[in-house]
1. Could you list, ordered by first residue, the pairs with Cβ atoms under 6 Å in which the first is in the stretch A:202-230 and over 11 Å from A:Glu186 (Cα atoms) and the second is open to solvent by 20 Å² or more (accessible area, probe 1.4 Å) and of a type in the set (A, V, I, L, M, F, W, C), at least 6 apart or interchain?
2. Among A:Ala28, A:Ala71, which is the only one that is at pLDDT below 90, farther than 18 Å from A:Phe111 by Cβ and either open to solvent by 30 Å² or more (accessible area, probe 1.4 Å) or of a type outside the set (Lys, Arg) (or both)?
3. Quick check on the stretch B:113-123: of everything there that is within 7 Å of chain A (Cβ to nearest Cβ) and of a type in the set (A, V, I, L, M), which residue is least open to solvent (accessible area, probe 1.4 Å)?
4. Can you tell me which residue in the stretch A:236-246 is farthest from B:Ser224 (Cα to Cα), limited to those that are open to solvent by 20 Å² or more (accessible area, probe 1.4 Å) and more than 7 Å from chain B (Cβ to nearest Cβ)?
5. Output the residues belonging to the stretch B:164-189 that are under 23 Å from B:Ile65 (Cα atoms) and either open to solvent by 50 Å² or more (accessible area, probe 1.4 Å) or not small (Gly, Ala, Ser) (or both).
6. Looking only at the stretch A:254-299, count every residue that is more than 23 Å from the chain's Cα centre (by Cα), open to solvent by less than 20 Å² (accessible area, probe 1.4 Å) and either at pLDDT 95 or above or more than 9 Å from chain B (Cβ to nearest Cβ) (or both) and tell me the total.
7. Looking at this structure, is B:Ile14 open to solvent by 10 Å² or more (accessible area, probe 1.4 Å) and of a type outside the set (Phe, Trp, Tyr)?
8. Do the conditions hold for A:Ala249, that is, is it of a type in the set (A, V, I, L, M) and more than 14 Å from chain B (Cβ to nearest Cβ)?
Amino acid sequence: MKHSPARLATLAATISLAAVAATAGTAAARTTAASAGPIKIGISLSLSGDFSDPGKFAMQGYKLWAKTVNAKGGILGRKVVLDIKDDASSPTQAATNYQNFITKDRVDLTFGPFSTLLTAPSAAVAHRYGYAFIEPAGGGPAVFDQKLNNVFFTQPAPIVESGDVFVRWVLSLPKAKRPKTAAYPELDDPFSSPIAERMRQQFEKAGIRTVYKTIYPSETVDMTPIVSKIASKKPDMIVGGTQAGDGYALVKALVQANFSPKFLFEANGPNSPGEFPSKVGASNTQGIFSASDWFPKAKTYGNPYFVRQFVKTYGGTAGGIDPGSAEAYAVGQVAQRVISKVGVNNAKIIAALHKGKWPTVEGTLHWNAIGEPTGKFLLMEWLGGNLYPVLPKGVATRKPTFPKPGWGG
Amino acid sequence: MHQLIQAIIIGILIGGVYALMASGLTLVFGIMKVINVAQGALVILAAYLSYALWSHLHVDPFLSIFIVMPAMFVLGVAVQLVFVRSLRGPDASELSLLVTWALALGIEGVLSVVFKTTYRVSLPSYSDTTWTVAGYQINEVRLLGFVTSAVLLVLLSVLLTRTRFGRAVRATVQNPTAAELLGVDANRVQTLSFGLGVSMAAAAGAVYGVIYPFNPGSHYDLISRLLSIVVLGGLGSLGGAVFAAVGMGIVESVVAVEISPIWAAFSFFVVLIAFLLVRPQGIFGVRERTL
């Protein structure tokens, strides 16, 4: 089939017009600064599927923020409306949801979904259209490796650094009291293993000998063989690069093997105050360390109000609030403050967030050029059946206690 | 050497529980040629039922077997009557895969809504008790799980070999047409056998929920293991399933301890493939005659 020059010219013109129209659409989406009407915010959340529990925690935080803001008249006189769509814990669906929010629903802003897995592709979609992407849970390397300028992660530091606070504390101990040997069971997972690996490298550099290191697949439910091997090496310290399920299973297997190290840190599992005691037995929690970004009694910006309102709205106790709700609430706090300063203009929001410091329930946040927060995680320790922040000093409510007592102690 | 023997002990104890799970799967296949890929989901459903009885009514997870097994038997009978019985013709086995897979997804969905996706585990007071025997550690819960599984498997074996129902089942397995000609009600046998298979999953689920944390998605890993066990043991062979399950437990445990957990599950599949190359019908399977 041949095309005449005139026909080709017409085709080229049509494509050009379409491109101009698309660009205009993008620009319109980027600066939807209508002065009247509510501020529409698109959020994809995992309300079903594997991440439905943390997804719902995030939804509680987002909704509470919107409720409290609207009760005070909204932002710049405009009410906030959240458009929340379920992504069924699927990264593809999350990306599709954001595509629709921006190109079809023409929302003013987008807030992030749950987990790195869903945040990475979603942030890329938002970046393509020039939208700011303030997000509560995408703290893994997959998000920051994209080097996007529109990402702002509302936790104190990238997830991979969450064990650093424990490393610094251990290495601050007098040499005689430090562990001499360590074991590193690590889940084969992009969010867990890197935390333990980073800790291992720092400990080895400081002279703490690695006596056992293994990576186990995500389908591992029986930690007994791994613990059997660890126990035979008798390490002073165990650093688990864990997620929740294997984190519980590791502790249970250690209890059953009757092997209690002097120091036990897990990347995830013990940092779920509502879940951990019921999974391993409350009497077995004593002296176990983990890291966290938030705790109910934190004296951070707006936290007492957040905790009060949360309990009032959803019931339960302050201790039962999942950090995921606080992380989502912090997204709203950042958005509220930046909109108050620069209005609903995504380009201006991105530029503004790269400067200055932003107080939230998660602490005062500051980001580098690719959205990594520059703060530090909290070191948490189970003491007397409760989870307390034990470092850093200004925030801690208890001192770190060691060595870990035997199980049930 | 001490490590190796400890690993073998761990493998035998957990292999017994997998044998119980796989017994229902292989029984149903033997009688109906139905590959019940919902068996893993049914195990997890039973784990949740046992967990609910323990957490709300303080019923000991092992005693809950007396409640969960009959309840799941009824469920199994209902599933067979509603979903499986209507599958007939030469494609029945293939269709059963789809139907039972849909059932598995349905169970997972319901459990996700009711119990959420957080991990659960039943924690009776004795769950942390471990005995040291001749220098080797034996956890009480795992030993109880193994003993429970062994008792139930023996009872199942007695049922199949020493009762009228068992003879009807074995006759149906060997030659359904001849069994019907001799007065065996094949439909009834199939329905009751499906219920029996599900009730075996129920007992195993109650045990599983004490040993491991689980969530609604835990059935994916379970079913891949169970299918491997029944294939290695020989489809339809109860003894083969027991042998293969214990073998799997030992291989995985030894490889996890001596080499790496990464290779543990894979190593079992290597054994499976190598064995099937030599003996395609599995350990205790019977090679079908071809014309």
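The values are calculated or read from the model by the stated rules, or taken from the named source; none is laboratory data. Just so it is clear, the structure is predicted and the values come from calculations on it, not from any experiment. With ideal geometry, Cβ positions are generated from the backbone for all residues, glycine too; neighbour counts draw on all protein chains shown. Note: accessible area is taken over every heavy atom of the protein model, side chains too, but ligands, DNA and RNA are not part of it. Shrake-Rupley method; radii C 1.70, N 1.55, O 1.52, S 1.80 Å.
1. Qualifying pairs under 6 Å: A:Ala206/A:Leu171.
2. A:Ala28
3. Step by step, filter the stretch B:113-123, then rank; the result is B:Val121.
4. Among those that are open to solvent by 20 Å² or more (accessible area, probe 1.4 Å) and more than 7 Å from chain B (Cβ to nearest Cβ), it is A:Asp236.
5. Scanning the stretch B:164-189 gives a single hit, B:Phe165.
6. Here the count works out to 5.
7. Yes; evaluated as a whole, the condition is true for this residue.
8. no
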